[in-house]
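**Q** Got a structure here, written out as structure tokens. Questions coming.
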Amino acid sequence: MSLHSFDSLDIQKVTANIGARVSGIDISEPLAEEQVAALREALNVHKALVFDDVHLDDAGHQAFARHFGDITTAHPTVSAVDGAANVLPVDSERGRANHWHTDVTFVLNPPQATTLRSITIPPYGGETLIASSAAAYRDLPEPLRQLADTLWAEHTNDYDYAVPDEEIDEEKAEQRAEFTSITYRTAHPVVRVHPLTGERGLFIGGFAQRIVGLSVGESRKILDLLQSYVTRPENILRWRWSPNQLVVFDNRITQHYAIDNYDGLPRRLHRVTVAGDVPVGIEGKESYSIEGDASHYTTVATPVAA
């Protein structure tokens, strides 16, 4: 399938449910309005876009991300790349995000989009999995869908990550202390309505720790059941990184997972995220903050159609 939305711009699907490869555009140059609109539309359709042969520094990376909206600072609690307050180093030496999650869902308005650029790639392994939570929602049997439609989940950055104490060394303890230096708790609808497409997606992932109104144990069973639909192989793009690549994915309707399968070799990406809107459930009710102020991290975006 090829969508020719603007002259030489070519968009090729990678899998049936998620992902497309974009060519015929130089994202290191300022983009025309028509190109930006075409990329936004492609992101709405494919959820994740891959750009090859990208030659960007941190400034150029940020300039590209701004085509999708205002950018956030690097992270609510984790330190940025030196000299680039809006760029987060995703570095194997600073910890590994090998759990399924949607970025920063513990704040009231998580990023609408995440951009990742390859800096140092191991010779094998280190893939990023990106899953379509819209496909997951469509896969739900009707009784489960009706249940999910009614649920809200509490997301937080302050939990144990299921790491046994004996595996936490001093360095990991310091990383965790930084990550949880401000505690955030936010309630989001389990089924989020995408503000541009109207699609419904399961808005859960690793920071969703309990279902509002249920015990932790009950919550875990339901969240695990719903999560099993997100992580079906048919709903996943498994991206093997190459040098000079950039991937952008719609953080409102995807989850991702960085696979720790590269024997501790160096792996580094740079991440820039685009400020998002406050999630809305199927009844039109917005997410609400329970604890933690993220105004230093992100503005609140107003969705604008492509």
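**Q** Mind listing whichever residues of the range 19-37 are touching a Leu at 6+ places or on another chain (Cβ under 9 Å) and touching a residue at least 40 places away in the same chain (Cβ under 8 Å)?
**A** Gly19, Ile27
**Q** Moving on to the next point. Just to be sure, is Thr73 within 24 Å of Val300 (Cα to Cα) and buried (at least 24 other Cβ atoms within 10 Å of the Cβ)?
**A** Against the criterion (within 24 Å of Val300 (Cα to Cα) and buried (at least 24 other Cβ atoms within 10 Å of the Cβ)), Thr73 does not qualify.
**Q** Also, I was wondering about something else. Can you pull out every residue in the range 193-247 that is closer than 25 Å to Val272 by Cβ and charged (D, E, K, R)?
**A** Glu199, Arg238, Arg240 - these are the residues of the range 193-247 that are closer than 25 Å to Val272 by Cβ and charged (D, E, K, R).
**Q** What are the residues in the range 12-66 that are among the basic types (Lys, Arg) and touching a helix residue (DSSP H, G or I) at 6+ places or on another chain (Cβ under 8 Å), if any?
**A** Of the residues in the range 12-66, the ones among the basic types (Lys, Arg) are 13, 21, 40, 47, 66.
If the condition is that a residue be among the basic types (Lys, Arg) and touching a helix residue (DSSP H, G or I) at 6+ places or on another chain (Cβ under 8 Å), then Lys13, Arg40, Lys47 are the ones that fit.
**Q** Still on this structure: In this structure, does Val107 turn out to be on the phi < 0 side of the Ramachandran plot, buried (at least 16 other Cβ atoms within 10 Å of the Cβ), modelled with pLDDT of 95 or more and not acidic (Asp, Glu)?
**A** yes
**Q** What's the total number of residues in the range 248-267 that are out of contact with any Lys or Arg (no Cβ under 9 Å at 6 or more places or on another chain), of a type outside the set (A, V, I, L, M, F, W, C) and not in a loop (DSSP other than H, G, I, E, B)?
**A** 3
**Q** Right, next: For the range 197-227, give me each residue that is part of a loop (DSSP other than H, G, I, E, B), small (Gly, Ala, Ser) and surrounded by fewer than 17 Cβ atoms within 10 Å (Cβ to Cβ). Working first, answer last.
**A** Step one: filter the range 197-227 for residues part of a loop (DSSP other than H, G, I, E, B), giving 197-199, 203-207, 212-215.
Restricting the remaining residues to those that are small (Gly, Ala, Ser) gives 198, 205-206, 213, 215.
Those that are part of a loop (DSSP other than H, G, I, E, B), small (Gly, Ala, Ser) and surrounded by fewer than 17 Cβ atoms within 10 Å (Cβ to Cβ): Gly198, Gly213, Ser215.
**Q** For the range 233-276, which positions are of a type in the set (S, T, N, Q) and surrounded by fewer than 18 Cβ atoms within 10 Å (Cβ to Cβ)?
**A** From the range 233-276, those of a type in the set (S, T, N, Q) are 235, 242, 244-245, 251, 254-255, 261, 273; that's our starting set.
Once the filter is applied, which keeps residues that are of a type in the set (S, T, N, Q) and surrounded by fewer than 18 Cβ atoms within 10 Å (Cβ to Cβ), the range 233-276 yields Ser242, Asn244, Asn261.
**Q** Oh, and also: Quick check on the range 87-100. Is at least one of its residues buried (at least 16 other Cβ atoms within 10 Å of the Cβ) and either modelled with pLDDT of 95 or more or farther than 30 Å from Ser181 by Cα (or both)?
**A** Yes, there is a match, as at least one residue in the range 87-100 is buried (at least 16 other Cβ atoms within 10 Å of the Cβ) and either modelled with pLDDT of 95 or more or farther than 30 Å from Ser181 by Cα (or both).
**Q** Something else: Hey, can you tell me all the residues within the range 268-306 that are under 14 Å from the mean Cα position of the chain (by Cα), in a loop (DSSP other than H, G, I, E, B) and aliphatic (A, V, I, L, M)?
**A** Scanning the range 268-306 gives a single hit, Ala275.
The values are calculated or read from the model by the stated rules, or taken from the named source; none is laboratory data. Bear in mind the structure is a predicted one, so any value in this text is a computation, not a measurement. Counting neighbours? That spans all protein chains shown, and the Cβs are built from the backbone with ideal geometry, glycine included.
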